[in-house]
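Colleague: Sharing a structure with you now.
The values are calculated or read from the model by the stated rules, or taken from the named source; none is laboratory data. Please read these numbers as outputs of a predicted model, since none were measured by experiment. Here the Cβ positions follow ideal geometry from the backbone for every residue, glycine too, while neighbour counts run over all protein chains shown. Only protein heavy atoms, including side chains, enter the accessible area calculation; ligands, DNA and RNA are left aside. Shrake-Rupley method; radii C 1.70, N 1.55, O 1.52, S 1.80 Å.
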Amino acid sequence: MRTRVEEQLRVLLDGVEQVLPRDDLVSRLTAVANGERPPLRAKLGFDPTAPDIHLGHSVVLRKLREFQRFGHTAVLVIGGFTAQVGDPSGRTATRPRLRPDEVAHNAATYLGQAGKILLPEPLEVVNNADWLAPLTMTDVLGLTSRMTVARMLERSDFAARYRTGKPIALSEFLYPLLQGQDSVAVRADVELGGTDQTFNLLVGRDLQEAAGQEPQCILTVPLLEGTDGAAKMSKTAGNAIGVDEPAAEMFGKLMSVPDPLMARYFRLVTDLHPDEVDRIEEGLADGALHPGETKRRLGREVVTLYHSAAAAAAAEARFDTQFRERGVPEDIAEFTLGPAEDWFLPALLVAAGLSASGSEARRQVTAGAVRLDGAALTEPTVTLRTSDLSGKVLQVGRRRFARLVASGTQPTVDTPAVPTYTFPSGHEAVPGE
């Protein structure tokens, strides 16, 4: 039987890449358990540089949620100021600066999705524009005196850009100091981040020590591979699973995750206890568990987290209809063809929401991924008569469908609800909201 602290460590450190310093974290958790200090303040900062989050982002959010489960306070720092500077971590070029209105829009959407993961309390949501925007030049010079150019160039991303002659803006040198100042402002006991954030997190320790505070412990989590099993999950790479995606789309994408990554996904993006994940990993390794059935369980576990158990069951049934029975799901969206007599195929695919652009549509047709009532359409420049399209099902790949209906037929497109998030009293999402 594990002690309270041992159980916390078993869960909190599972899947973590690095803990700095580990003994310090153990002593703090022990002190909390003995009533010798208040619950820890676990900080996670995010710059709302994009409006959507995916399962790759959820890894660190779920780790923050684990601290909440053990009674520690989650401190979510919105980068209302730092998002306008741009985090250079892992970048090969200077990140474009965002306008305040872009930051505001992205932050609101991001928080709505993060609210699907984090517990409503204990939680503090703060905005670093509150303490960074008022800094004077004297304050900024004080921060810069804590860092040398030589140490900045120890960062692998800066070093690579310097060697190849790619520009490094001075504002990028300031970024780690601004993020570190966040830790001072919220008096963080622990800061979480991806492995690409290690340098910035260590700067936070330095600034806290200079401010007379107890330096924070650091936990870094791995960067999750996407559905291709190779590149880091991202929308740009086309291998992401968004936390706001429909249940069927989410389940289908999870079923495409390569078998060798299943245990990693169970460990990083589900609520299963580490002991259970260990059993799954062992069962997959010795053949006691069937990979296909185990992957189905992965799909159900994740879809249940972001939708419901009923939605997960329906998504699995839809998946069977599409892939096992090679049929067309019943609950597909309808697209009204309108009064036009003809449709240019790429334009139809875009209008029906099956392709993001005309160029993508042409690539899909050329690749043989487009079908009309099961018959392949292979000519990317074909024009189809509206009368020949009405009542048929247009399909792209294995998961995208649209039932084509003539004008006058009421479409029945399902519109997913937009998640909302209520801020704790006294805090705003970003300046000016």
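Here is a yes/no grid of residues against (1) open to solvent by 40 Å² or more (accessible area, probe 1.4 Å); (2) at positive phi; (3) in a helix (DSSP H, G or I):
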| residue | (1), (2), (3) |
| --- | --- |
| 332 | no, no, no |
| 339 | yes, no, no |
| 353 | yes, yes, no |
| 359 | yes, no, yes |
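Colleague: Inspect region 9-18 for any residue being within 16 Å of the chain's Cα centre (by Cα) and buried (at least 19 other Cβ atoms within 10 Å of the Cβ) and give the result as yes or no. Spell out the reasoning first.
Modeller: Of all residues in region 9-18, those within 16 Å of the chain's Cα centre (by Cα) come to none.
Checking region 9-18: not a single residue is within 16 Å of the chain's Cα centre (by Cα) and buried (at least 19 other Cβ atoms within 10 Å of the Cβ).
Colleague: Filter region 361-392 down to the residues that are basic (Lys, Arg) and within 18 Å of residue 403 (Cα to Cα), then identify the one that is nearest to the chain's Cα centre (by Cα). Don't jump to the end; show me each part of the working.
Modeller: Pass one, region 361-392, residues basic (Lys, Arg): 362-363, 371, 385, 392.
Going one step further and asking which of them are within 18 Å of residue 403 (Cα to Cα), we end up with 371, 385, 392.
Values: 371: 32, 385: 42, 392: 36 Å.
Residue satisfying both the conditions and the ranking: 371.
Colleague: Which ones in region 396-412 are at pLDDT below 75 and either loosely packed, with under 13 Cβ neighbours inside 10 Å or not in a loop (DSSP other than H, G, I, E, B) (or both)?
Modeller: Scanning region 396-412 gives 407, 408, 410, 411, 412.
Colleague: Residues that are open to solvent by 60 Å² or more (accessible area, probe 1.4 Å) and at pLDDT 95 or above: list the helices (runs of 4 or more DSSP H) wholly contained in region 240-308 that include at least 1 such residues.
Modeller: Working: elements: 247-254, 262-269, 274-286, 291-306.
Hits in region 240-308: 262-269, 274-286, 291-306.
Colleague: Hey, another quick one. For region 185-217, enumerate the residues that are among the polar types (S, T, N, Q), open to solvent by 10 Å² or more (accessible area, probe 1.4 Å) and part of a helix (DSSP H, G or I).
Modeller: Answer for region 185-217, where residues must be among the polar types (S, T, N, Q), open to solvent by 10 Å² or more (accessible area, probe 1.4 Å) and part of a helix (DSSP H, G or I): 195, 197, 198.
Colleague: Quick check on residue 365: is it in contact with a Pro (Cβ under 9 Å, 6 or more places away or on another chain) and within 23 Å of residue 253 (Cα to Cα)? So that I can check it myself, show each step before the final result.
Modeller: Working: in contact with a Pro (Cβ under 9 Å, 6 or more places away or on another chain): yes; within 23 Å of residue 253 (Cα to Cα): yes.
When the stated conditions are applied, residue 365 passes them.
Colleague: Another one. Here are 3, 73: which of them is among the hydroxyl-bearing types (Ser, Thr, Tyr), without any contact (Cβ under 8 Å) to a residue 60 or more places away in the chain and open to solvent by less than 50 Å² (accessible area, probe 1.4 Å)?
Modeller: 73
Colleague: Return yes when residue 38 is open to solvent by 30 Å² or more (accessible area, probe 1.4 Å), touching a strand residue (DSSP E or B) at 6+ places or on another chain (Cβ under 8 Å) and over 30 Å from residue 245 (Cα atoms) and no when it is not.
Modeller: Spelling it out, it is not the case that residue 38 is open to solvent by 30 Å² or more (accessible area, probe 1.4 Å), touching a strand residue (DSSP E or B) at 6+ places or on another chain (Cβ under 8 Å) and over 30 Å from residue 245 (Cα atoms).
Colleague: Condition test on residue 323, is it aromatic (Phe, Trp, Tyr), out of contact with any strand residue (DSSP E or B) (no Cβ under 8 Å at 6 or more places or on another chain), closer than 22 Å to residue 15 by Cβ and part of a helix (DSSP H, G or I)? Spell out the reasoning first.
Modeller: Working: aromatic (Phe, Trp, Tyr): yes; out of contact with any strand residue (DSSP E or B) (no Cβ under 8 Å at 6 or more places or on another chain): yes; closer than 22 Å to residue 15 by Cβ: no; part of a helix (DSSP H, G or I): yes.
It is false that residue 323 is aromatic (Phe, Trp, Tyr), out of contact with any strand residue (DSSP E or B) (no Cβ under 8 Å at 6 or more places or on another chain), closer than 22 Å to residue 15 by Cβ and part of a helix (DSSP H, G or I).
Colleague: Return the residues of region 361-395 that are open to solvent by 90 Å² or more (accessible area, probe 1.4 Å) and in a strand (DSSP E or B); say none if nothing qualifies.
Modeller: Residues satisfying the conditions are 371, 385.
Colleague: Identify the residue in region 116-169 that is of a type in the set (Phe, Trp, Tyr) and open to solvent by 30 Å² or more (accessible area, probe 1.4 Å) and, among all such residues, is nearest to residue 79 (Cα to Cα). Walk me through it before giving the result.
Modeller: Let us first name the residues in region 116-169 that are of a type in the set (Phe, Trp, Tyr), namely 131, 158, 162.
With the extra rule that they be open to solvent by 30 Å² or more (accessible area, probe 1.4 Å), the set shrinks to 131, 162.
Details: 131: 11, 162: 27 Å.
This residue is 131.
Colleague: For residue 51, are the conditions met, namely being closer than 20 Å to residue 204 by Cβ, in contact (Cβ under 8 Å) with a residue 12 or more places away in the chain, open to solvent by 10 Å² or more (accessible area, probe 1.4 Å) and not in a helix (DSSP H, G or I)? Quick ask: steps written out before the conclusion?
Modeller: Values: closer than 20 Å to residue 204 by Cβ: no; in contact (Cβ under 8 Å) with a residue 12 or more places away in the chain: yes; open to solvent by 10 Å² or more (accessible area, probe 1.4 Å): yes; not in a helix (DSSP H, G or I): yes.
Judged against the criteria, residue 51 is not a match.
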